[in-house]
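A quick write-up on the structure given underneath.
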Amino acid sequence: MHRILWIVSAVALVVVMVGAMVVPDDPEEPPGDGCPPRDTRVTAPYAVTGYWVIPRADRCVTRSMVEGIRRIGGDTLITFGPRFAVGSDPDCVIDGRPCAEVPGTRIRHVYSYTTSEEFGKGMLRCPGLDRRVVVGERIFYRLSLAASCTDPEHDLVIVSTDGDGIGHLMTEASAYGMTVFPGLPAAPQREGKPWEPDLDHVDALNAFTARVLADYRQRFQAMTAFGGVYQSFELAMRARSDTDPIIALYAAQHEVVAAALPGKKLVVSPYIDGRRGRGFPPEQTEEGLADIASTRAGLPMAVAVQDGRGTGKVPVHGEQEDGAVVAPRLAPVVGQVTYEQGYYGSTREFMVAAARRVPDGVELWANVEGFEPTPVPGECGRVDPLPLRGRTTKARLDQQVMAVAPYSAKIISYGWEPFFTCQDRPGAPSLADGIAQGWQQPIIVNAYPKEMNGRPGVLVEGYHLRGGTLRFGEAAVAQEWHAGGRLESAWAPHTPSGPWTAITATNGAGHTSTSPYVMPGQAPVPR
């Protein structure tokens, strides 16, 4: 899932809704930049507050993207780090020679790195060897990774960029009161085992990482948006061996981050896989979280667990549905089977296990996958790179929020483009439009029996619950108590009966939950 995306349709701007919050405009907008004025209002705050984005060389496109995300409550932007790859870029030419050829200098290894950022002058350390050149519409940097410019042998990295997408993102996010986590350079992959890093090149990777982060420190340290970095190499959050190569990579690269950016946050987004026969049970996530946390090198870390619903690796069904046939969009992944036959557990069960013992210095986040495992005819989504993915709906996203919200400090989503912006046809609403239109719909994420003033009732937790009624099956009961917070709470008098109670909320503004929350009863549940 962690790969750069290409848009399949035009970016759909989110329409302005009623009710607005304003964030400070920091830094001040430069005059005459040719872009529309910023609108920093949050008009449709949703439970998901962070998104993976693609840096754009065009400042105005960047502003439009950031504004659309901020409008629906986003405050966090994450980018993937480009691949630090073995091999040169043949399009880079200096003084009529390939950039990888340096007369009078012995070159050991050559690496390439295709990004969307322009580095500062501090990246050019060795006169004559380190160079910045423009070839057509592309900018190239040739950089030596040697410890000293006078070393007899050098490793080179040839960087190619189309403009300063990361710089624009930092500037715009600062103005909108948001936080950015640019991706660390991603390690080379092992030939024949692309899911593992090639540790033979980890020293060169770390030398380049240190150079990039030193440049970030110089250019971005004063910007309010610079929150830390994202670890781009993916791994499963399960029990791992003492010699695991990805954990070794994390430990080595995170030491570099700690030295270059003390106090900045590391974000990691491991995946879970609950498919029987291919994945692992929820119980392994606790040890997997501990293994990842052991690599943080003293830095604060956020572990944003991929919920697995977009890839079809983990379902979001309720416990009462164990014996039900899987949702149609999951059948291409596990077949026409029941949830219990196809999976070890649901997203909620994996999150419960992960939350049992969150290590010191770590925040548990959730990454709800904003797409479907495969597209259906007439549906927009991702066509490149493979595998194909389809778009989902706000109602499905609400179900994912229901599964993760009680256990996560923050909910983010992969990824803004194309999944939240593509349109099935010209003029049709995007997923972001659907969120903007339905942001006031209540989402219940937890419920349990609770007495108040000696009266039996049910307390629910979630989003946009204030006022109105709670419906228990066929019975609608007026709310009698409400409290705010990251998760709101609401109470109504009711005595549950039977093994399960389906609960929906209709708030004071007249908006109703898109999916019921099913609360276990006090009676024994038949298995």
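The values are calculated or read from the model by the stated rules, or taken from the named source; none is laboratory data. This is a predicted model, so every value here is computed, not measured. Cβ sites come from the backbone with ideal geometry, for glycine too, and all protein chains shown count toward neighbours. Each accessible area value is taken on the protein alone, full model and side chains, heavy atoms only, with ligands, DNA and RNA left out. Shrake-Rupley method; radii C 1.70, N 1.55, O 1.52, S 1.80 Å.
Take VAL11 and decide whether it is in contact with a helix residue (DSSP H, G or I) (Cβ under 7 Å, 6 or more places away or on another chain) and either modelled with pLDDT under 50 or exposed (fewer than 15 other Cβ atoms within 10 Å of the Cβ) (or both). Taking the combined requirement at face value, the residue satisfies it.
Set side by side, the residues VAL358, VAL368 differ, and just one is part of a strand (DSSP E or B) and crowded, with 16+ Cβ neighbours inside 10 Å, which is VAL368.
None of GLU340, GLU349 is acidic (Asp, Glu), without any contact (Cβ under 8 Å) to a residue 24 or more places away in the chain and open to solvent by 10 Å² or more (accessible area, probe 1.4 Å) except GLU340. For the range 448-465, the set of residues classified as open to solvent by 10 Å² or more (accessible area, probe 1.4 Å) and either of a type in the set (S, T, N, Q) or touching a residue at least 60 places away in the same chain (Cβ under 8 Å) (or both) consists of TYR448, PRO449, ASN453, TYR463, listed by residue number. The set of residues in the range 71-98 that are touching a Lys or Arg at 6+ places or on another chain (Cβ under 8 Å) and crowded, with 21+ Cβ neighbours inside 10 Å comprises ARG71, THR76, PHE80, CYS92.
Pairs meeting the criteria (first residue in the range 86-99 and over 15 Å from THR114 (Cα atoms), second residue open to solvent by 60 Å² or more (accessible area, probe 1.4 Å), beta carbons under 8 Å, at least 6 apart or on different chains) are ILE94/ARG131; ARG97/PRO103; PRO98/PRO90.
Residues that are open to solvent by 50 Å² or more (accessible area, probe 1.4 Å) and of a type in the set (A, V, I, L, M, F, W, C) within the range 120-134 comprise LEU124, VAL134, listed in sequence order. Under the condition of being closer than 21 Å to ALA353 by Cβ and over 22 Å from the mean Cα position of the chain (by Cα), the residues counted in the range 240-254 number 3.
Residue selection: ALA395 fails the criterion of being among the hydrophobic types (A, V, I, L, M, F, W, C), modelled with pLDDT of 95 or more, touching a helix residue (DSSP H, G or I) at 6+ places or on another chain (Cβ under 6 Å) and open to solvent by less than 50 Å² (accessible area, probe 1.4 Å).
Test PRO449 against the stated conditions and say whether it is within 27 Å of ASP322 (Cβ to Cβ) and under 18 Å from the mean Cα position of the chain (by Cα). Considered against the rule, which asks whether it is within 27 Å of ASP322 (Cβ to Cβ) and under 18 Å from the mean Cα position of the chain (by Cα), PRO449 comes out as no.
Set side by side, the residues GLU363, GLU372, GLU379 differ, and just one is within 23 Å of GLU461 (Cβ to Cβ) and of a type in the set (D, E, K, R), which is GLU363. Assigned to a loop (DSSP other than H, G, I, E, B) and either within 28 Å of the chain's Cα centre (by Cα) or surrounded by 19 or more Cβ atoms within 10 Å (Cβ to Cβ) (or both) - does that describe any residue in the range 137-145? Within the range 137-145, one or more residues are assigned to a loop (DSSP other than H, G, I, E, B) and either within 28 Å of the chain's Cα centre (by Cα) or surrounded by 19 or more Cβ atoms within 10 Å (Cβ to Cβ) (or both).
Scanning the range 338-382 for residues that are over 17 Å from the mean Cα position of the chain (by Cα), charged (D, E, K, R) and under 30 Å from ALA432 (Cβ atoms) gives ARG348, GLU349, GLU379. Here is the figure for the range 288-347: residues that are among the hydrophobic types (A, V, I, L, M, F, W, C), assigned to a loop (DSSP other than H, G, I, E, B) and more than 20 Å from PHE181 (Cβ to Cβ) total 7. All of PRO406, PRO442 fail the test of being touching a strand residue (DSSP E or B) at 6+ places or on another chain (Cβ under 6 Å), farther than 15 Å from GLU369 by Cβ and open to solvent by less than 10 Å² (accessible area, probe 1.4 Å), apart from PRO442.
Report yes if GLU101 is assigned to a loop (DSSP other than H, G, I, E, B), in contact with a helix residue (DSSP H, G or I) (Cβ under 8 Å, 6 or more places away or on another chain) and surrounded by 14 or more Cβ atoms within 10 Å (Cβ to Cβ), otherwise no. So GLU101 does not fit the description; no.
Scan ALA210, ALA251 and give me the residue that is under 21 Å from SER144 (Cα atoms) and modelled with pLDDT of 95 or more.
Values: ALA251 fails: under 21 Å from SER144 (Cα atoms).
Unique residue meeting the criteria: ALA210.
For the range 291-323, the candidate set comprises residues that are out of contact with any strand residue (DSSP E or B) (no Cβ under 9 Å at 6 or more places or on another chain) and surrounded by fewer than 16 Cβ atoms within 10 Å (Cβ to Cβ); within that set, the residue that is farthest from PRO373 (Cα to Cα) is GLY298.
If a residue has to be surrounded by fewer than 18 Cβ atoms within 10 Å (Cβ to Cβ) and touching a strand residue (DSSP E or B) at 6+ places or on another chain (Cβ under 7 Å) to count, how many in the range 468-486 make the cut? Residues in the range 468-486 being surrounded by fewer than 18 Cβ atoms within 10 Å (Cβ to Cβ) and touching a strand residue (DSSP E or B) at 6+ places or on another chain (Cβ under 7 Å): 8 in total.
Residues in the range 439-477 that are touching a Leu at 6+ places or on another chain (Cβ under 8 Å), under 23 Å from THR347 (Cβ atoms) and assigned to a loop (DSSP other than H, G, I, E, B): PRO442 alone.
Conditions (1) open to solvent by less than 30 Å² (accessible area, probe 1.4 Å); (2) out of contact with any Cys (no Cβ under 7 Å at 6 or more places or on another chain); (3) assigned to a helix (DSSP H, G or I), marked per residue:
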position	(1), (2), (3)
VAL159	yes, yes, no
SER174	yes, yes, yes
ALA204	yes, yes, yes
PHE208	yes, yes, yes
ARG217	no, yes, yes
VAL229	yes, yes, no
THR243	no, yes, no
ALA248	no, yes, yes
PRO262	no, yes, no
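Only one of the listed residues (GLY163, GLY81) is in contact with a strand residue (DSSP E or B) (Cβ under 7 Å, 6 or more places away or on another chain) and assigned to a loop (DSSP other than H, G, I, E, B). That residue is GLY81.
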